[in-house]
1. Please state which one of SER94, SER127 is more than 27 Å from VAL37 (Cα to Cα) and assigned to a loop (DSSP other than H, G, I, E, B).
2. Quick one: what pairs do we get from segment 167-193, first residue without any contact (Cβ under 8 Å) to a residue 12 or more places away in the chain, second surrounded by fewer than 15 Cβ atoms within 10 Å (Cβ to Cβ), C-beta under 8 Å, 6+ apart or different chains?
3. For segment 4-18, which residues satisfy the criterion of being part of a loop (DSSP other than H, G, I, E, B) and either closer than 14 Å to PRO55 by Cβ or β-branched (Val, Ile, Thr) (or both)?
4. Filter segment 23-45 for residues that are modelled with pLDDT under 90 and either assigned to a helix (DSSP H, G or I) or in contact with a strand residue (DSSP E or B) (Cβ under 8 Å, 6 or more places away or on another chain) (or both) and give the result.
5. Anything in segment 109-148 that is farther than 23 Å from GLU178 by Cα, small (Gly, Ala, Ser) and more than 10 Å from the ligand (Cβ to nearest atom)? List them, or say none.
6. Run down ARG99, ARG89 and say which single residue is out of contact with any helix residue (DSSP H, G or I) (no Cβ under 9 Å at 6 or more places or on another chain) and either buried (at least 21 other Cβ atoms within 10 Å of the Cβ) or free of Cβ contacts under 8 Å to residues at least 60 places away in the same chain (or both).
7. Tally up the residues in segment 91-108 that are within 15 Å of the ligand (Cβ to nearest atom), in contact with a strand residue (DSSP E or B) (Cβ under 6 Å, 6 or more places away or on another chain) and within 30 Å of ASN69 (Cα to Cα), please.
Amino acid sequence: MVDISLSRREGRELDTATEATVINHYESIRSDPEAFVHSCLFIEWLLNSITGSEPSHPMYHLIRSVLDNFAEGAPFWPVLCSGIEKALRLSGFSMEIDRCTRCGGDPGGSSIWDASSGGIVCENCRSGNSEKIPQGLIVFLRKSRNGRLDEVRNLKLWRGGYRQCFELMRRFAEIHLETRIKLKSLSVLEALENDR
Ligand SMILES: [Zn+2]
């Protein structure tokens, strides 16, 4: 991570870097291929999903916190998924998990998901667009929203659960950001996981 000072002269469209200082070069991430590829995937997600150039302190702290957790070593997936959930929220694309996104009512124990309407729907509001998702994903998203990354990193899901969570958030983001999220590091991560 680098602290960079930019200045822009009046009438210019490009910033000039006036000072750059390394905050942390994360030696332990660089030397661990798994930590490295998870970090790349998180950063790549942000590059795909954040627009605008205004500085954001909460986003800075989130990125730093995700990388600090990756630097601690495995597990990586809970931190990655929670980091993405928090990043979506900071960018104003929060997934609704407490109220039915159609009628605003209490969704009860529903785990019916409707990405296009913004999240969970109650039994009465399910439609052709909605899908039943594992209850554990809703539980994870709730815990991620209310917990710090170092608390969330110890949460366990079933085998493949975090990957499901990741794809759920990806579909959600693609609909609401109206863009395809292309992630080159995902195939590198898959190759690494298949090699294990
Ligand atoms: Zn409803």
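The values are calculated or read from the model by the stated rules, or taken from the named source; none is laboratory data. What you see is a predicted model, and the numbers here were worked out from it, not measured in a lab. When we count neighbours, we look across all protein chains shown, and the Cβ atoms used for this are built from the backbone with ideal geometry, even at glycine.
1. Working: SER94 fails: more than 27 Å from VAL37 (Cα to Cα).
Checking each option against the conditions leaves just SER127.
2. Matching pairs, first to second residue: GLU174/ARG180.
3. Correct list: ARG8, ASP15.
4. Within segment 23-45, just ILE23 meets the criteria.
5. Across segment 109-148, the qualifying residues are GLY109, SER111, GLY136, SER144, GLY147.
6. Exactly one residue qualifies, and that residue is ARG99.
7. 2
Okay, residues lined up against (1) part of a helix (DSSP H, G or I); (2) within 23 Å of PHE36 (Cβ to Cβ):
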site	(1), (2)
ARG145	yes, no
TRP158	no, no
MET169	yes, yes
ARG180	no, no
